Amino acid sequence: MSDAEMLFRIASLNAAYAAAIDDDRLEEWPDFFIDDCLYKITSAENLRDGNEAGIVYADSRAMLADRVLALRRANIYERQAYRHIIGASRLTASDGTDISAETPFLVVRTMRDGQLDLFVAGRYRDRLRDGAGKLRFVERVVICDSSHFDTLVAIPL
Amino acid sequence: MSDAEMLFRIASLNAAYAAAIDDDRLEEWPDFFIDDCLYKITSAENLRDGNEAGIVYADSRAMLADRVLALRRANIYERQAYRHIIGASRLTASDGTDISAETPFLVVRTMRDGQLDLFVAGRYRDRLRDGAGKLRFVERVVICDSSHFDTLVAIPL
Amino acid sequence: MSDAEMLFRIASLNAAYAAAIDDDRLEEWPDFFIDDCLYKITSAENLRDGNEAGIVYADSRAMLADRVLALRRANIYERQAYRHIIGASRLTASDGTDISAETPFLVVRTMRDGQLDLFVAGRYRDRLRDGAGKLRFVERVVICDSSHFDTLVAIPL
């Protein structure tokens with residue numbers, strides 16, 4: 001597969017991923033990952049400091065599904081809307097099995113009173129695998145430009 | 001035509017559409033639609049409530065052209081600049097004649113004093129048709145994340 | 001080469017360009033330009049007024065490299081992070097040697113205290129040339145929507 005085709009497939013994956021979150025179809029979110037995945041939200045500063053922990057950490061699809069259940073119980077989504085704007089990806093590595101890519105993103109939040117704000121900017125550092133014609137995340141590390149995570153913890157990015 | 005080719009054509013259409021508005025070439029805007037089109041600005045909340053009316057509603061290209069004339073008379077554009085940032089589209093349906101797609105967008109406004117603000121975020125829900133090698137909107141429903149439309153009504157999104 | 005292939009290559013170039021800046025690999029930035037390049041930051045208003053000077057002006061790759069050195073000495077990058085979100089390009093001309101394109105962009109800034117703001121919105125007006133399989137900028141004119149450039153001067157856009 002050419003780089004152009006792979007980048008096209010990654011762009012489509014990211015568009016579907018963002019729409020599932022922004023359309024509040026959160027139950028579909030874990031399906032973008034393989035069973036034995038790693039999903040982490042961290043900051044550029046944490047990575048620079050060698051702090052690998054992350055603010056949010058899940059190392060299986062089951063944990064992502066649990067997270068969605070918890071979010072539904074907390075009813076976080078009622079009062080605001082999120083909108084992901086995802087830039088073009090760069091392929092950073094390929095080892096025959098997996099493809100690595102980085103992708104800039106921005107999430108804008110609209111409050112119920114109509115106020116919009118910049119919620120978070122950063123980049124995805126992904127490892128992707130093709131399985132039965134479907135591309136899935138082996139690993140998605142969400143690297144936020146900010147290290148301040150007050151409310152971020154609740155939200156899938 | 002493959003999905004990749006269609007998505008490429010839609011991305012090009014959206015880039016041209018956004019540039020016509022942001023470069024203040026509004027007179028070109030109606031040409032992105034078929035004669036017998038539907039253009040509507042509404043909110044996610046309106047759609048959820050089954051309110052189909054919309055804040056802005058035009059059901060022909062002629063109405064869009066009238067709208068541009070009205071905007072020119074009102075001289076709305078003098079004091080601020082708009083910048084559309086449009087994400088990757090998802091194909092949602094195809095019936096042989098028309099293609100349906102959804103696309104996230106963000107519009108940033110720059111005031112004359114240099115102040116920037118987030119003007120509107122949302123998604124386009126489009127139906128597109130190919131006519132003589134040119135893709136046009138049969139229907140463009142602009143679904144804003146916010147339901148507060150103070151000044152929005154005036155601006156093509 | 002088809003328009004689709006060219007637009008794909010431009011999108012990849014812009015993704016690499018943005019990542020070099022946002023990842024603070026500024027030393028790589030001049031390599032996106034030919035030796036005898038033109039790089040300029042200006043505003044839509046300046047262009048309308050026929051003011052061709054620009055706020056930032058460099059007419060060789062060596063000047064861009066000097067600029068990076070100056071930025072490193074000034075240590076501008078310590079306290080904030082930048083994130084480019086770059087839209088789809090439009091091809092505007094082609095003369096056999098060079099390709100012209102325009103591309104909307106948005107830069108979001110994250111301060112050390114976690115505050116995000118809209119730093120600048122605008123469009124790139126580019127002339128590009130293929131040399132030994134690598135696309136480079138012959139000319140990149142950064143046309144900002146705002147004419148207020150307080151801190152802008154320091155930052156590669």
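Each value in this text was obtained by applying a stated rule to the coordinates, not by laboratory testing. These numbers were taken from a predicted model, which means no experiment stands behind them. Here the Cβ positions follow ideal geometry from the backbone for every residue, glycine too, while neighbour counts run over all protein chains shown.
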Of C:Gly122, C:Gly87, C:Gly131, the one that fluctuates the most in a GNM where chain C has Cα springs shorter than 10 Å: C:Gly131
Inter-probe distance in nm under a simple model that places probes 7 Å from Cα toward Cβ, at C:Asp98 and C:Ile55: 2.4
Amide hydrogen neighbours beyond the local backbone of C:Leu38, cut-off 5 Å, H modeled: C:Glu139, C:Arg140
Burial ordering of A:Thr103, B:Thr110, fewest other beta-carbon atoms within 10 Å first: A:Thr103, B:Thr110
Part-to-part distance (alpha-carbon centres) for the range C:22-100 and the range B:85-156, which is given in Å: 29
GNM result for chain B, Cα springs below 10 Å: residue of B:Ile85, B:Ile34, B:Ile21 fluctuating most strongly: B:Ile85
Helix-derived mean residue ellipticity, 222 nm - over chain A, DSSP H n ≥ 4, -39500 (n - 2.57), to 500: -8000 deg cm²/dmol
Sequence-distant residues sharing a close amide H with B:Val120 (under 5 Å, placed H): B:Val107
Gaussian network model of chain A, Cα within-10 Å springs - most flexible of A:Ala132, A:Ala81, A:Ala101: A:Ala132
Neighbour-count order for A:Glu27, C:Glu139, fewest beta carbons within 10 angstrom listed first: A:Glu27, C:Glu139
Cα-based helix-to-principal-axis angle, B:61-74 vs chain B, degrees rounded to 10: 10
Ranked A:Cys37, B:Cys144, criterion: other C-beta atoms within 10 Å, fewest first: A:Cys37, B:Cys144
Residues with amide H under 5 Å from that of B:Gly54, placed H, sequence gap 5 or more: none
Estimated vicinal HN-Hα couplings, Hz - the range B:25-32 in sequence order (Karplus 6.51, -1.76, 1.60; Gly, Pro = x): 9, 4, 4, 7, 4, x, 5, 7
Derived scalar couplings ³J(HN,Hα) [the range C:85-98; Karplus, 6.51 cos²θ - 1.76 cosθ + 1.60; whole Hz; x for Gly, Pro]: 10, 10, x, 6, 7, 10, 7, 10, 6, 7, 10, x, 8, 10
Peptide-level mean, for A:11-22, of C-beta atoms on other protein chains within 10 Å: 4
Acute angle (nearest 10 degrees) that the helix B:3-22 long axis makes with the longest principal axis of chain B, alpha-carbon atoms: 20
Sum of side-chain charges, C:Arg140 neighbourhood, beta-carbon under 9 Å (Lys, Arg +1; Asp, Glu -1): +1
Kirkwood estimate for chain B, i.e. one over the average of 1/r between Cα atoms, Å: 16.1
Test item: Cα-centred dipole of the protein assembly as shown, Lys/Arg +1 and Asp/Glu -1 on Cβ, debye: 320
The protein assembly as shown, Rg to Rh (Cα coordinates; Rh as Kirkwood inverse mean 1/r): 0.94
Selected from B:Gly96, B:Ala121, B:Leu71, residue furthest toward positive end of dipole (chain B; charges at beta carbon): B:Leu71
Charge-dipole axis of the protein assembly as shown as Lys and Arg at +1 and Asp and Glu at -1 on Cβ define it, positive-most pick from C:Tyr39, A:His84, C:Met111: C:Met111
